[in-house]
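Visitor: For reference, the structure I am asking about is given below.
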Amino acid sequence: MNDKLKKHLKHVLKSNFGYEDFRPGQLEVLDALLKGKSAMAILPTGAGKTLIYQMFGLMRNHTILIVSPLISLMQDQVNRMHYLGYKNSIAFNSTLSNQEKHFVIRNIKKYKYIYVSPEMLSDHGIQEIFKSLCIDLLVIDEAHCISQWGLDFRPEYLDLSSVIRNLNIKQVLMLTATASKKTRFDIVEKLNLSPQNVELISCSVNRDNIFLNTHTFSSLETKQNYLIRLLSVLKVPGIIYFSSKKVANQVTDLIKAKTSLNVEAYHSGISDDNRYRIQQQFMNNKLDLVCATSAFGMGIDKNNIRFIIHYHLPTTLEEYMQEIGRAGRDGKQSISIVLYQDSDIGLANKLALGDVPSTDEINFFFDNAKIFAKTSNDDEKIKLLKYYYSRDYSKNYVISIFNNLVHQKIIGLKSLHEYVNLQGCLRKYLLNYFDEQFSEYNDKCCASNSTVDLKFLGLFNKNIVKSNQNHTNWRDIINSLFYNVNI
Amino acid sequence: MKIDDEFLIFLFSYNQPRRPKLIENLLAGRKTVSTLFWGMRYRLLDYCGVFSKFKEFSIMSKVHKLEKSGYLRRSKDNKHLLLTKLGLDRQKNLIDNYYLPKHLDVYQKYNVAKFSKRFLLAVQIVSEYSFHNKQYFPLQMNILEYNLIKNWFKNNKKTDFILKMHRLLYNFADSLDNQRAIQFATALTGHKRIALTNEQQKSQLNVTSLQLYFMQLDLFSELIIFIKANQDYNFLYPLLSDLDIQLMGNASFDTFKLLIKGNSINKIAHIKHIKTNTVKEHLLNAAIVLPKTAFPYSLFLNNETIKFFKHNLKGNIDEWSFVTIKQTHISFFGFRLYQIFRSKH
């Protein structure tokens with residue numbers, strides 16, 4: 001990239017987003033796109049992947065279409081776009097009512113950034129509507145879902161190659177935080193893109209300002225006691241991740257009872273309105289801590305999160321990386337702490353493998369597929385199998401896909417188990433898992449199964465005083481809502 | 001939503017046997033003639049659909065528990081329940097200590113939940129606008145609703161609506177007692193201020209989830225009345241559009257309108273492509289819900305019929321049975337309509 005263009009891009013960055021400089025990888029991806037190429041960007045969580053297509057959109061006149069697999073994440077992303085002033089963004093997915101869908105379709109040309117779920121995009125009627133648009137860029141978020149070698153394989157993603165053809169899309173941006181070499185190759189192949197026209201940009205997944213710590217416990221009681229002691233001296237804000245909503249609620253109550261921290265539980269059992277309030281309170285530093293399931297934090301761009309505690313194990317090291325990546329986006333010292341109890345691996349196993357159809361189930365489904373086709377069953381496994389059946393995949397092929405998936409998941413769980421029980425450098429293990437080398441262990445790197453010197457890391461904070469956001473005078477609250485208006 | 005035992009105690013009577021399953025259907029908003037009719041007889045009609053947004057709720061196991069604990073007893077036919085003396089005492093004790101909704105009549109006329117969402121977003125937008133701040137996360141809502149507020153904002157932003165909004169919030173809160181004023185104020189989101197979550201409000205007010213729900217319903221029901229009652233707040237009238245709901249159900253309302261225009265039951269059935277029995281059900285629903293003077297009883301109950309009923313049906317209306325007059329020319333529609341007519345005396 002020449003200096004003149006670089007200078008111009010920096011200017012666009014500063015004037016639209018307020019940043020002085022690009023984060024690693026961003027400029028390289030933009031350069032590829034501006035040259036008219038497609039790009040695969042493998043950038044760690046928190047690297048600013050969204051900014052790349054936002055900025056590219058600013059430099060092009062037409063639509064940016066973003067395929068995103070998680071509906072909750074999609075809405076978060078759109079909210080974030082609105083926040084940044086991009087009101088012309090919309091999430092087009094199954095959560096919209098028919099009336100809303102019609103409204104969006106009528107006004108489709110007014111939107112610059114359209115987020116769409118892969119299921120919706122598979123629909124030919126929707127494709128016809130998108131044909132009326134000129135699409136400057138198709139962004140595929142979480143692109144590893146295309147590869148059946150990946151753990152999060154989503155069959156609807158396989159339709160994307162025909163979408164690219166039908167909508168006459170010239171440039172594709174594939175975004176992911178993690179993809180092995182095999183997966184990368186598979187993605188390009190499945191999308192039917194010419195490898196010569198795809199530029200690969202990848203950055204290390206390492207986040208060296210996040211100290212890695214694991215801790216094993218023999219009983220629930222010792223684990224809870226340790227957590228409470230830890231929270232009374234650990235610098236906030238932070239997130240504690242759980243696999244179970246019920247336990248998230250219980251531990252929230254425990255923390256409320258035993259500490260002076262402002263804490264709330266956040267998971268799918270909480271209404272949309274209340275989830276909004278919790279997110280916003282957390283973003284505005286009114287909450288010290290959120291006890292959450294993995295639903296929390298995806299769309300949140302909070303820079304000063306100091307710790308991520310895993311009360312339960314995630315299901316994969318990829319998920320673990322995503323979650324700890326929410327800490328320390330400001331570059332300051334932060335910490336990831338896994339609190340592990342042997343029985344936790346059972347829960348992780350159940351979560352990882354519970355939604356994969358077994359060979360028996362696949363056999364039964366294909367033998368009775370015509371009957372299943374007539375029923376409207378919402379079971380996730382059946383929906384998945386119906387999809388394959390409707391696309392004329394053979395039974396044996398489907399069995400091989402799911403056997404492979406189970407195999408991958410078991411390997412993933414094994415790695416996770418090894419990680420939490422490791423006696424040695426955690427970072428080295430983690431980076432090796434992601435095909436990277438690491439040999440620069442230092443005092444601020446990691447500690448397996450031992451306590452951490454929080455003072456040394458600058459994460460010690462003894463005198464946590466409960467901040468009180470609850471004005472008790474309603475007059476003050478109402479007056480504070482409006483600038484310079486008082487009664 | 002956890003349904004409190006305390007609330008259930010209020011749904012039963014010491015004198016009138018009541019069917020728990022029917023009460024459950026009423027709370028869920030299942031608007032059959034039977035549910036609405038008995039809802040009216042139990043004087044619980046305003047509770048119709050109050051739990052319709054709660055997924056899979058059931059009161060039956062709690063009712064059984066109350067029965068086991070001696071607060072409720074079975075009637076002779078074993079299908080109905082009554083408060084025991086113990087239950088009645090508990091009900092009396094709870095009157096001052098448990099929050100029951102006071103404005104369900106408003107709830108039955110307007111979509112209060114829809115209004116509150118609109119109103120809260122409007123407050124947030126005006127608040128941020130007064131600070132000249134464009135970077136914030138607006139409260140979440142349906143695109144069409146969002147658009148309505150957006151248009152409202154566009155039409156008002158050149159006026160003194162910041163002052164007006166402030167005055168409304170202030171005057172409304174001032175009309176409430178202190179605790180409810182705090183509840184109202186802490187439910188608002190605006191510039192650098194985020195509403196408390198339900199959990200936080202519960203611990204602040206020291207109430208259960210269900211009580212908080214009732215308090216919120218009341219607060220916004222009162223706000224609707226407050227805004228409607230004062231021309232100074234007419235800048236907010238667009239927020240009140242399309243909120244009307246029909247307790248009798250929309251289909252019944254359409255049928256009733258056709259009746260008022262002078263159509264016969266057969267004609268209505270023909271126009272709407274429905275069975276005459278369905279038309280009759282719709283009309284019964286309308287009669288149950290409407291004040292006595294608003295329903296043309298005389299179209300179906302002439303003096304002779306009324307005389308016949310007076311002679312044959314005596315005593316407690318709840319205990320009247322169609323079986324006793326079944327052999328006559330009177331239809332069930334006529335019988336039920338007369339029951340409704342008499343209930344409105």
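No lab work stands behind these numbers, since they all come straight from the coordinates. No experiment lies behind these values; they were computed from the predicted model shown. Quick reminder, even Gly has a Cβ in these numbers, built from the backbone with ideal geometry, and neighbours come from all protein chains shown.
Visitor: Report the Cα centroid-to-centroid distance between the stretch A:371-403 and the stretch B:1-66 in angstrom, as an integer.
Guide: 42
Visitor: Got a sec? Charge dipole of the stretch B:112-240, +1 on Cβ for Lys and Arg, -1 for Asp and Glu; which of B:Leu219, B:His132, B:Gln200 is way out at the positive end?
Guide: Projecting each Cα onto the dipole axis, the largest value belongs to B:His132.
Visitor: Here is a further query. In percent, what relative contact order does the stretch B:250-343 have, based on Cα pairs under 8 Å that are 6 or more apart in sequence?
Guide: Relative contact order here is 28 percent.
Visitor: In a Gaussian network model over chain B where Cα atoms closer than 10 Å are linked, find which of B:Phe184, B:Phe322, B:Phe172 has the largest mean-square fluctuation.
Guide: Maximum fluctuation in the GNM of chain B, among the listed residues, is at B:Phe322.
Visitor: Something else about it: Taking a cut-off of 15 Å, what percent of all Cα-Cα pairs in the stretch B:250-343 are separated by more than that? Could the numbers behind the result be given before it?
Guide: Working: 2598 of 4371 pairs.
Tail fraction, whole percent: 59.
Visitor: Report the Cα centroid-to-centroid distance between the stretch B:96-121 and the stretch A:189-255 in angstrom, as an integer.
Guide: That distance is 41 Å.
Visitor: With everything on Cα atoms, drop me the angle between helix B:332-343 and the longest principal axis of chain B, reported from 0 to 90° to the nearest 10.
Guide: Around 60 degrees separate the two axes.
Visitor: Each residue of the stretch A:238-245 in order: what ³J(HN,Hα) in whole Hz does its phi give by Karplus 6.51 cos²θ - 1.76 cosθ + 1.60, θ = phi - 60°, with x for Gly and Pro?
Guide: In residue order, the calculated couplings are x, 10, 10, 9, 10, 9, 10, 4 Hz.
Visitor: Follow-up. Work out how far the C-alpha atoms of the stretch A:228-275 reach from end to end along every principal axis, then list the three figures in whole Å, largest first.
Guide: For the stretch A:228-275, the Cα spread along each principal axis is 31, 18, 18 Å.
Visitor: While we're here: Name the long-range amide H neighbours of A:Tyr266: under 5 Å, sequence gap of 5 or more, or other chain; modelled H, no Pro or chain starts.
Guide: Placed amide hydrogens put A:Cys291, A:Ala292, A:Thr293 under 5 Å from A:Tyr266.
Visitor: Work out the length of the dipole vector of the stretch A:3-202 about its Cα centre, built from +1 on the beta-carbon of each Lys and Arg and -1 on the beta-carbon of each Asp and Glu, and round it to the nearest 20 debye.
Guide: Roughly 700 debye, rounded to the nearest 20.
Visitor: Explain nothing, just the number: dipole magnitude of chain A about its Cα centre with +1 on each Lys and Arg Cβ and -1 on each Asp and Glu Cβ, in debye rounded to the nearest 20. Numbers along the way, then the final one.
Guide: Working: 58 positive and 48 negative charges, 254 e Å.
Dipole magnitude for chain A comes out near 1220 debye.
Visitor: For chain B, what is the calculated [θ] at 222 nm in deg cm²/dmol (nearest 500), taking -39500 (n - 2.57) for each run of four or more DSSP H residues and dividing by its residue count? Walk me through the numbers before you get to the answer.
Guide: On the way: 17 runs with 186 residues, N = 345.
Counting only the DSSP helices, I get -16500 deg cm²/dmol.
Visitor: Using Cα pairs under 8 angstrom and six or more residues apart, how large is the relative contact order of chain B, in percent? Walk me through the intermediate numbers first.
Guide: On the way: 342 pairs, mean separation 59.9, N = 345.
Worked out over chain B, it gives 17 percent.
Visitor: Here is a follow-up. Over the alpha-carbon set of the protein assembly as shown, work out the extent along each principal axis and list the three values in angstrom, largest first.
Guide: If we take the Cα atoms of the protein assembly as shown, the spans are 100, 63, 61 Å.
Visitor: Rounded to the nearest whole Å³, what is the per residue volume of the convex hull around the Cα atoms of the stretch A:3-202? Mind showing how you got there, number by number?
Guide: Values: hull volume 22.9 nm³, N = 200.
Given the Cα convex hull of the stretch A:3-202, per-residue volume reads 115 Å³.
Visitor: Using a 10 angstrom Cβ neighbour count of at most 16 plus a DSSP loop assignment to flag exposed GluC sites (Glu not before Pro), which longest range of chain A is free of such sites?
Guide: Working: sites that count: A:Glu20, A:Glu436, A:Glu440.
It works out to A:21-435.
Visitor: Then there is this: Could you work out the local net charge near B:His282, counting Lys and Arg as +1, Asp and Glu as -1, over the other residues with Cβ closer than 11 Å to its Cβ? The partial results should precede the final answer.
Guide: On the way: positive: B:Lys31, B:Lys257, B:Lys272, B:Lys275, B:Lys280; negative: B:Asp254, B:Glu281.
Here the count lands on +3.
Visitor: Defining a contact as two alpha carbons under 8 Å apart and six or more residues distant in sequence, what relative contact order in percent does chain A show? Before the final figure, lay out each step's value.
Guide: Details: 746 pairs, mean separation 78.2, N = 487.
Relative contact order comes out at 16 percent.
Visitor: Select from A:Ala447, A:Met174, A:Val29 the residue farthest towards the positive end of the dipole of chain A; place +1 on Cβ of Lys and Arg, -1 on Cβ of Asp and Glu, and compute about the Cα centre.
Guide: A:Val29
Visitor: With a 10 Å Cβ neighbour count serving as the proxy for reagent exposure, in which order, fewest first, do A:Tyr53, B:Tyr42 appear? Intermediate results must be reported in sequence, preceding the final value.
Guide: Working: A:Tyr53 25, B:Tyr42 20.
Ascending Cβ contact count within 10 Å gives the list B:Tyr42, A:Tyr53.
Visitor: Ok, one more. Remind me, what semi-axes does chain A give for its equivalent ellipsoid, largest first in whole Å, using sqrt of 5 times each Cα gyration tensor eigenvalue?
Guide: On the way: eigenvalues 254, 176, 125 Å².
The answer is 36, 30, 25 Å, longest axis first.
Visitor: Give me a comma-separated list of calculated 3J(HN,Hα) values for the stretch A:409-417, in order, Karplus coefficients 6.51, -1.76, 1.60 applied at θ = phi - 60°, integers in Hz, x for any Gly or Pro.
Guide: 5, 5, 4, x, 5, 4, 4, 5, 4
Visitor: Taking loop as defined by DSSP and a crowding limit of 14 other beta carbons within 10 Å, which trypsin sites (Lys or Arg not before Pro) in the stretch B:44-142 fit?
Guide: Details: sites: B:Lys53, B:Lys55, B:Lys62, B:Lys65, B:Lys68, B:Arg73, B:Arg74, B:Lys76, B:Lys79, B:Lys85, B:Arg90, B:Lys92, B:Lys102, B:Lys109, B:Lys114, B:Lys117, B:Arg118, B:Lys134; in loops: B:Lys53, B:Lys55, B:Lys76, B:Lys79, B:Lys102, B:Lys109, B:Lys134.
Here the trypsin sites (Lys or Arg not before Pro) that fit, given the DSSP loop and packing criteria, are B:Lys53, B:Lys55, B:Lys76, B:Lys79, B:Lys102, B:Lys134.
Visitor: Once Lys and Arg get +1 and Asp and Glu get -1 on their Cβ, which of A:Leu13, A:Leu459, A:Ala369 lies farthest toward the positive end of the dipole of the protein assembly as shown?
Guide: A:Ala369
Visitor: Quick one: A:Phe22, B:Phe332, B:Phe256, fewest Cβ neighbours within 10 Å first, how do they rank? Show your work: numbers first, answer last.
Guide: Numbers: A:Phe22 19, B:Phe332 14, B:Phe256 24.
Least to most surrounded, the residues fall as B:Phe332, A:Phe22, B:Phe256.
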